[in-house]
Each structure stands twice: as structure tokens, then as C-alpha cells.
1. Taking all protein chains as present, what is the carbon and sulfur share of the accessible area of the stretch 56-95, in % to the nearest whole number, probe 1.4 Å?
2. Once you have the Kirkwood Rh of the chain from its Cα pairs, apply Stokes-Einstein at 37 °C and 0.692 mPa s and quote D in µm²/s.
3. Can you give the FRET efficiency to the nearest 0.05 for residue 83 and residue 37, using r as the Cβ-Cβ distance and R₀ = 30 Å?
4. Between residue 100 and residue 6, what is the spin-label point distance in nm, taking each point 7 Å from the Cα along the Cα→C-beta axis?
5. Treating the angle as unsigned and between 0 and 90°, give the value, to the nearest 10°, between the Cα long axis of helix 78-91 and the longest Cα principal axis of the chain.
6. Pop out the ³J(HN,Hα) list for the stretch 52-62 in order, Karplus 6.51 cos²θ - 1.76 cosθ + 1.60 with θ = phi - 60°, rounded to Hz; leave Gly and Pro as x.
7. Going through the cross-link list 42/86; 39/86; 18/86; 55/76; 55/80; 18/39, which pairs have a Cα-Cα distance over 25 Å in this structure?
8. For the stretch 20-105, what does the relative contact order come out to in percent, with C-alpha contacts under 8 Å and a separation of six or more?
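The values are calculated or read from the model by the stated rules, or taken from the named source; none is laboratory data. Everything numeric here is computed off the predicted structure, so don't read it as measured data. Quick reminder, even Gly has a Cβ in these numbers, built from the backbone with ideal geometry, and neighbours come from all protein chains shown. Side chains included, ligands, DNA and RNA excluded: accessible areas come from the protein's heavy atoms. Shrake-Rupley method; radii C 1.70, N 1.55, O 1.52, S 1.80 Å.
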Amino acid sequence: MHLLSLGDETASKALWDKHLSNAPRLMFQRVLQTAREQKDEKLALTVINQLRDSKISEGAIGNAYSCLIDIHTTGKNLDKALDTLKTAIKDICLENINRSALLRL
């Protein structure tokens, strides 16, 4: 989480691949909170891309997509938020997207 929040994708990816990619549960809410606070689209996308290829639940991936939708809607980028939703429902079921993110969109 620390490395992701700092933007050190190379080091975080190495740790991810070696230790975390097969974990059924991960604690990554702090990274998403940082992405929301800083309106960091890239950080949210990094989390989504890493979770997408893991064994983590669809609900967890939905939280990451919800974060990205929130970043877009607070920035008034509604087209990007809608595109994110369209991408998300190709990867996961709609019910895994936070209701609050959908209502804001």
C-alpha cells in the first residue's frame, strides 16, 4: 500500500507478484482513500489493474472501480466516469459497484 501510494509501481508490482497476487483477501482501502483524497486517477487504475488479475473478490474490485468513478464525478468528468462504469461491468457484476458512486454518476 505504501509503495502504491508513493507511485513506486515497479517496487509495488514486484512485491505484488512475489507475495500478494494469489492472496484471497487484501487490505487496500487506504490506497483507495489516498486516491480519492488526491483525485489520483492513475493510482486508482493501478489498483484496478492489479486486482483484476488476482483471486480477490468482485466486491473488492468493485470498490476500486467505485473509487475511480468517484474521482471522475467529483472532477466533473462524467464521460470518463460513464466509460469507467462500462468497463467495470465487463469485468464484474453491476451490484459490486458502490451504490453511492452510481448515484453520484
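1. Summing carbon and sulfur atoms, their accessible area is 55 percent of the total for the stretch 56-95.
2. 240
3. 0.85
4. 3.0
5. Roughly 50 degrees, rounded to the nearest 10.
6. 4, 9, 10, 9, 6, 5, 5, x, 5, 5, x
7. Distance filter (> 25 Å) returns 18/86; 55/76; 55/80; 18/39.
8. About 29 percent, as a whole number.
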